[in-house]
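Before we start, here is the structure in question, set down as structure tokens.
The values are calculated or read from the model by the stated rules, or taken from the named source; none is laboratory data. Here the structure is a predicted model, which means the values were calculated and not measured. Every residue, glycine among them, receives a Cβ derived from its backbone with ideal geometry; neighbour counts consider all protein chains shown.
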Amino acid sequence: MYARISSDVEGSGLEVTRQLEDCRKLANSLGWSVAEEYVDNDMSAYSGKRRPAYERMLADLRDGERDAVIVYHVDRLTRRPIELEQFLEALDAAKVRQVRFVVGDTDLSTGDGLMVVRILAAMAANESATKSRRVKRKMEQNAAASLPHGGYVRAFSYAEDKVTVIESEAVVIRQFAERFLAGESLRSLAAWLEDNEVATVAGKPWRTTTLRAVLASGRIAGLREHQGVIVGPAVWPAIISEEQHRRIRALMQQKAVSGRRAPRRYALSGLLRCGKCGHPLYSAARQTTRRYVCVSGPDHGGCGRLTVVAAPVEELIAKAVLYRLDTSELADALAGRTAQDEALAEVTEQLAGDRAQLEELATAYADRAITMRANG
């Protein structure tokens, strides 16, 4: 069974729960046992962004793990005609014929059924496109009037009305703006927020990417932005000054990557795994010693309990790679001889089988078990 909802404002998942309940009733009436319930909550089927559960369902269909699909409605499955065709291709490849919908049940095994489903998918795509145009126009209108964006989630330090300042959060904004301008890194600021149990609006720990977006935003300086461009002063009060905002943006620009990569001193950074928690190990220098460490805290989430000196492990890996490169098997594979040998073995085996069959026919003819007509 597959269930999806585009926007879950409350985060309760009630809509997908209702879809699943109706799908279970249909499965029960058909006498089908439910192997798995694939759910993409708060994910659009029109934007083209990845839907993990949907992709996993397609993979399971292709691998023969599933032999039937139940969906509440076609528009829960997809709102993009090209994606519908990909779903139909996956069904054909897996020879799956049983697909049922709770609402608007259609038989995909018939030409008329396919036509109806394609029409429904096209109508859903048009509906989404029309809604998208209205939303974009409304956003442009709000930007021109310096009104706040009408998103579902409030911004940190502003109330649900997007205008009223929450002073307890505004104090935090001012503190890490001042500390960033004083030279403190975003990662240390994120760690400071985590240590003081200051969560994001969604109740999650701060990451450097989230913190960077908040600091760089014109919103906290009382400026209205639209598509990354400041269009003028906003109707809500500022938390930091415009001068601070300009300094923050300039400092971020100064720290931005220049595009020229420095020579790598840590060839295995992100490739090695911690033997205690399984997270990747990253580079960390200590005076003159290069090391790989399991990093805890913001952006990494490791256990922080493992450190290895870089030189010995790099030497071990280098020797293993050189040993592998020096084998005859790899040389044959690079030269294409392995594939040729496999193809020759397959043809030789087939030829031996044909010769054995010819000898069997000749023996049967000599023993008068078959006639020349039958042999021919």
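Identify, from the list 176, 180, the residue that is aromatic (Phe, Trp, Tyr) and either surrounded by fewer than 18 Cβ atoms within 10 Å (Cβ to Cβ) or in contact (Cβ under 8 Å) with a residue 60 or more places away in the chain (or both). Steps first, answer last, please.
Numbers: 176 fails: either surrounded by fewer than 18 Cβ atoms within 10 Å (Cβ to Cβ) or in contact (Cβ under 8 Å) with a residue 60 or more places away in the chain (or both).
Residue meeting the stated conditions: 180.
Scanning for something more than 23 Å from residue 174 (Cα to Cα), out of contact with any strand residue (DSSP E or B) (no Cβ under 8 Å at 6 or more places or on another chain) and at pLDDT below 85, does the range 245-256 turn up at least one residue?
So the first thing to find is which residues in the range 245-256 are more than 23 Å from residue 174 (Cα to Cα), and the list is none.
Looking through the range 245-256, none of the residues is more than 23 Å from residue 174 (Cα to Cα), out of contact with any strand residue (DSSP E or B) (no Cβ under 8 Å at 6 or more places or on another chain) and at pLDDT below 85.
For residues that are farther than 23 Å from residue 33 by Cβ and acidic (Asp, Glu), scanning just the range 83-109, find the one that is surrounded by the fewest Cβ atoms within 10 Å (Cβ to Cβ).
Among those residues, the one meeting the criterion is 92.
Which residues, taken from the range 43-65, are buried (at least 16 other Cβ atoms within 10 Å of the Cβ) and outside any helix (DSSP H, G or I)? Please lay out each step first, then the result.
So in the range 43-65, the residues buried (at least 16 other Cβ atoms within 10 Å of the Cβ) come out as 43-46, 51, 53-54, 57-58, 60-61.
Correct list: 43, 44, 45, 46, 51.
Hey, residue 69 hits all of (1) more than 14 Å from the chain's Cα centre (by Cα); (2) surrounded by fewer than 20 Cβ atoms within 10 Å (Cβ to Cβ); (3) among the hydrophobic types (A, V, I, L, M, F, W, C) but one; which does it fall short on?
With respect to (1) more than 14 Å from the chain's Cα centre (by Cα); (2) surrounded by fewer than 20 Cβ atoms within 10 Å (Cβ to Cβ); (3) among the hydrophobic types (A, V, I, L, M, F, W, C), residue 69 is out only on (2).
How many of the residues making up the range 200-234 are in a loop (DSSP other than H, G, I, E, B) and either modelled with pLDDT under 85 or farther than 18 Å from residue 296 by Cβ (or both)? Steps first, please.
Taking the range 200-234 as the starting set, the residues that turn out to be in a loop (DSSP other than H, G, I, E, B) are 200-207, 217-218, 222, 227-228, 234.
Still in the running and either modelled with pLDDT under 85 or farther than 18 Å from residue 296 by Cβ (or both): 200-205, 217-218, 222, 227-228, 234.
Counting residues in the range 200-234 that are in a loop (DSSP other than H, G, I, E, B) and either modelled with pLDDT under 85 or farther than 18 Å from residue 296 by Cβ (or both) gives 12.
Here is a yes/no grid of residues against (1) at pLDDT 80 or above; (2) surrounded by 11 or more Cβ atoms within 10 Å (Cβ to Cβ); (3) farther than 30 Å from residue 294 by Cα:
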position	(1), (2), (3)
307	yes, yes, no
322	yes, no, no
334	no, no, yes
346	no, no, yes
351	no, no, yes
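Report whether or not residue 206 is out of contact with any Leu (no Cβ under 9 Å at 6 or more places or on another chain), buried (at least 17 other Cβ atoms within 10 Å of the Cβ) and of a type in the set (A, V, I, L, M, F, W, C).
Criteria not met by residue 206.
Inspect all residues belonging to the range 15-23 and state whether any of them is at pLDDT 85 or above, assigned to a strand (DSSP E or B) and of a type outside the set (Lys, Arg).
no
May I ask you to list pairs of residues, at least six apart or on different chains, whose Cβ atoms are under 7 Å apart, with the first in the range 273-287 being closer than 11 Å to residue 307 by Cβ and at pLDDT below 80 and the second being part of a strand (DSSP E or B) and not polar (S, T, N, Q)?
284/291; 284/293
What are the residues in the range 158-182 that are outside any loop (DSSP other than H, G, I, E, B) and more than 32 Å from the chain's Cα centre (by Cα), if any?
Looking only at the range 158-182, we keep the residues that are outside any loop (DSSP other than H, G, I, E, B), and these are 158, 165, 167-181.
Once the filter is applied, which keeps residues that are outside any loop (DSSP other than H, G, I, E, B) and more than 32 Å from the chain's Cα centre (by Cα), the range 158-182 yields 165, 167, 168, 170, 171, 174, 175, 178, 179, 181.
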